[in-house]
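Each remark here refers to the structure printed beneath this line.
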Amino acid sequence: MWRRGAAALLAVLVVLGSGWAGYALSLKQGLQALRLESSHRLDLFASAVEGVVKRLEHVPATIQLNPEVLALLRSPSRQDRVDAVNIYLRRLNAHLGSLAVFVLDERGVVLSSSNADKGDDSLVGEDLAFRPYFLEALSGRVGRHFAIGAKSREPGYFVSHPIRDGARVVGVATIKISLEPIEATWDMLGAPALLADLNQVVILSSQPEWRYTALTALTVDQRVDLQMSRLFDNLRIERFPLQVQLSIDTDSQVLEGVLPGGQSGRPRAGSGGSSDMLVLGRALDGMDWRLLIFSSLRGVQNQALLHAMLLAIAAGFVLLLALYLNQRRRILRQKLDTQRMLRQANVDLEQKVNRRTRALSETNTRLRHEVAERQQAEQTLRAAQDELVHAGKMAVLGQLATGITHELTQPLGAIRTLSGNASEFLRRGDLKAVAGNLGIVARLADQMGSIIEPLKGFARKSAAVPAATDVAHALGNALFLYDQRLRKEQVEVRRHCRPGQAIAWCDPNRLEQVLINLVGNAIDAMADAPVKVLTLDIAEAPPGEPALARAPHGELRLQVRDSGAGFTEAQRLRLFEPFFTTKDAGVGLGLGLAISRDIVREFGGEIEAERPAEGGALFTVRLPCAPGSPAASPATGTDDAD
Ligand code: ADP
């Protein structure tokens with residue numbers, strides 16, 4: 001954050017610095033150009049001034065060449081000589097275009113003048129001995145200076161020359177040159193300017209209010225001199241209105257300074273407010289005059305400001321460009337980084353996917369292996385189960401063996417007796433009796449066959465194959481096997497079940513095994529019971545009870561009820577556990593109900609045990625109906641009772 005702030009500050013500093021540098025440089029260059037231009041104009045103006053002044057400077061020297069002048073000086077009282085010189089001077093003046101030409105005697109009194117005929121304006125008789133130009137000429141030198149006319153009050157440039165009579169100075173010839181042509185050339189400078197004399201008093205200026213003011217403070221001596229020489233008549237010389245510090249170099253040639261704006265006085269008429277000014281000056285060749293030009297710096301400053309602004313804008317633009325390029329570079333770098341990271345992420349992802357795929361395929365192989373193992377285990381289990389079921393069957397058969405043996409003993413004995421009788425009848429030749437006996441034997445053999453037939457099917461070791469199975473038929477087979485025992489134990493069998501009434505979808509052989517188990521257990525339970533009733537019902541599924549999951553064609557229920565001892569609730573919960581038995585060792589294995597439940601569940605059915613309120617036990621076998629079988633309905637009345 002602070003870095004951004006510092007960068008912003010730096011940018012602002014750079015912009016300001018550029019603006020400042022632009023301003024300084026432009027100002028310097030502008031000043032240089034202005035200085036050059038001003039000094040060029042000064043040169044031009046100076047030569048114009050010199051042209052005006054020097055054109056006539058030599059004239060006084062030539063006046064003494066006129067013999068009439070010398071003659072006048074020798075005898076000044078002679079009017080004719082005065083007139084003659086007056087005429088000469090008037091003509092000369094008219095010819096030269098000067099303001100006046102006059103001759104003074106050695107006391108400083110005007111003897112003759114070009115304006116002698118001008119009445120009151122005539123200089124003749126004027127005592128001008130106080131003028132410096134007179135004193136200079138009297139000393140044998142050329143006198144020249146600016147002064148306001150003593151009589152005419154008209155300003156002009158006076159140049160005087162001694163008039164010698166032999167070696168002696170007898171008089172002074174003077175010309176007064178008009179400075180008006182200079183006034184007309186101010187415009188040439190294009191800026192306020194002034195012309196100052198030896199005393200630093202402004203004698204001419206483009207600004208009228210500057211005239212007759214002193215650029216430097218006049219010393220007392222100077223004031224006295226001015227008073228005495230009356231160069232400026234009796235005008236009071238004020239101080240120049242602007243605070244200009246004149247620095248004059250050793251050659252008195254160039255002076256220069258800067259005038260701050262906002263000073264009193266008007267540097268230039270109509271300049272519309274004051275501004276800083278460049279003051280440039282130079283001395284005029286061979287003269288004590290000094291020319292000063294005041295050039296406004298406004299243009300230069302404005303231009304410098306413009307350049308400053310342009311440079312600041314340019315710097316700002318360059319900074320923005322740099323910022324933009326930097327930003328672009330950063331974005332590009334970020335983009336490249338992102339692409340690189342993306343590529344890397346891609347590579348990582350691919351590696352990860354490869355790793356995962358490898359792991360998955362390994363897991364897959366392992367799972368397949370496990371599935372195969374499980375299938376193998378299932379097959380083994382199924383085989384073991386089949387073996388167990390078969391063992392269960394064998395156990396039941398073992399239990400049934402006594403009864404069956406007893407059943408077979410009777411017909412077998414009868415057959416033996418009948419066959420013995422038959423051979424006796426044959427020996428007697430009683431074929432009719434033999435045929436009768438053989439008929440009975442055949443009937444008895446059929447009877448034995450019918451006893452053995454269910455056992456054959458039951459004892460067969462076969463895989464469970466579901467088929468439409470008549471429950472009544474299976475029940476009949478089971479009861480038949482226990483026939484002898486039921487009778488012996490005097491059990492009343494109430495069978496409410498007709499053949500074809502209930503057709504289940506299961507293996508008939510296995511269903512028989514289940515029923516043999518249930519009936520056997522019931523007979524066992526009723527061994528000591530005073531009332532021995534075995535009830536067999538086909539019942540409907542009570543409403544609201546969850547149906548079997550694998551019974552698309554409905555469900556039928558077979559109920560096996562006995563009036564035996566029953567079981568406790570704790571026993572009920574454990575009845576179907578393998579090896580749970582309450583019977584004596586060697587009598588029961590405790591596998592009958594466990595195997596029965598497995599068999600019924602294999603066909604999608606269920607077997608449940610209840611403790612009826614009236615006592616005894618109730619086992620319900622729930623089975624899926626065979627497809628297309630009529631819905632099972634409880635049989636009304638007792639179909640079969642023993
Ligand atoms: P086992 O008959 O060899 O004992 P089961 O699995 O057929 O094995 O029976 C387990 C136990 O369930 C029996 O020992 C008996 O206690 C009880 N049981 C089974 N059927 C009945 C029944 N109808 N009445 C009372 N108890 C029964």
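The values are calculated or read from the model by the stated rules, or taken from the named source; none is laboratory data. This structure is a prediction, so every number in the text was calculated from the model and none was measured. Neighbour counts are summed over all protein chains in view; Cβ atoms, including those assigned to glycine, are modelled from backbone coordinates with ideal geometry.
Hey, can you tell me all the residues within region 490-504 that are surrounded by fewer than 19 Cβ atoms within 10 Å (Cβ to Cβ) and over 18 Å from Met526 (Cβ atoms)?
Result: Arg498, Pro499, Gly500.
Hey, does region 209-225 have a residue that's of a type in the set (S, T, N, Q) and either assigned to a helix (DSSP H, G or I) or surrounded by fewer than 14 Cβ atoms within 10 Å (Cβ to Cβ) (or both)? Even if it seems obvious, please write down each step before you answer.
Pass one, region 209-225, residues of a type in the set (S, T, N, Q): 213, 216, 219, 222.
Now drop any that are not either assigned to a helix (DSSP H, G or I) or surrounded by fewer than 14 Cβ atoms within 10 Å (Cβ to Cβ) (or both), which leaves 219, 222.
Within region 209-225, one or more residues are of a type in the set (S, T, N, Q) and either assigned to a helix (DSSP H, G or I) or surrounded by fewer than 14 Cβ atoms within 10 Å (Cβ to Cβ) (or both).
Taking only pairs six or more apart or across chains, which ones have beta-carbon atoms under 6 Å, a first residue in region 570-589 that is on the phi < 0 side of the Ramachandran plot and of a type in the set (Gly, Ala, Ser), and a second residue that is near the ligand (Cβ under 8 Å from one of its atoms) and in a loop (DSSP other than H, G, I, E, B)?
Gly588/Thr581
Return yes or no: is Leu321 surrounded by 15 or more Cβ atoms within 10 Å (Cβ to Cβ), over 30 Å from Arg131 (Cβ atoms) and at pLDDT 85 or above? Even if it seems obvious, please write down each step before you answer.
Working: surrounded by 15 or more Cβ atoms within 10 Å (Cβ to Cβ): no; over 30 Å from Arg131 (Cβ atoms): yes; at pLDDT 85 or above: yes.
The answer is no for Leu321.
Is region 542-558 home to any residue that is near the ligand (Cβ under 10 Å from one of its atoms) and in contact (Cβ under 8 Å) with a residue 60 or more places away in the chain?
Looking through region 542-558, none of the residues is near the ligand (Cβ under 10 Å from one of its atoms) and in contact (Cβ under 8 Å) with a residue 60 or more places away in the chain.
For Ala173, all conditions in the list (1) without any contact (Cβ under 8 Å) to a residue 40 or more places away in the chain; (2) closer than 17 Å to Asn66 by Cβ; (3) among the hydrophobic types (A, V, I, L, M, F, W, C) hold save one; what is the number of the exception?
The number of the failed condition is (1).
Within region 556-591, can you find the residues that are surrounded by 21 or more Cβ atoms within 10 Å (Cβ to Cβ) and more than 18 Å from Gly616 (Cβ to Cβ)?
Leu556
Here is a list: Ala472, Ala467. Which entry is in contact with a Lys or Arg (Cβ under 9 Å, 6 or more places away or on another chain) and aliphatic (A, V, I, L, M)?
Details: Ala467 fails: in contact with a Lys or Arg (Cβ under 9 Å, 6 or more places away or on another chain).
It is Ala472.
Residues of region 590-607 being more than 9 Å from the ligand (Cβ to nearest atom), at negative phi and touching a residue at least 40 places away in the same chain (Cβ under 8 Å), which ones?
Result: Asp598, Ile599, Val600, Glu602, Phe603, Gly605, Glu606, Ile607.
Are there any pairs, at least 6 apart or on different chains, whose C-beta atoms fall under 6 Å, with the first in region 1-14 and part of a helix (DSSP H, G or I) and the second surrounded by 12 or more Cβ atoms within 10 Å (Cβ to Cβ), and if so, which?
Ala11/Leu319; Val14/Ala315
Inspect all residues belonging to region 34-56 and state whether any of them is part of a strand (DSSP E or B), aliphatic (A, V, I, L, M), surrounded by 15 or more Cβ atoms within 10 Å (Cβ to Cβ) and touching a Leu at 6+ places or on another chain (Cβ under 7 Å). Can you show your working first?
Let us first name the residues in region 34-56 that are part of a strand (DSSP E or B), namely none.
No, the conditions are met nowhere in region 34-56.
Looking only at region 117-136, which residues are part of a helix (DSSP H, G or I) and touching a residue at least 60 places away in the same chain (Cβ under 8 Å)?
Correct list: Pro132 only.
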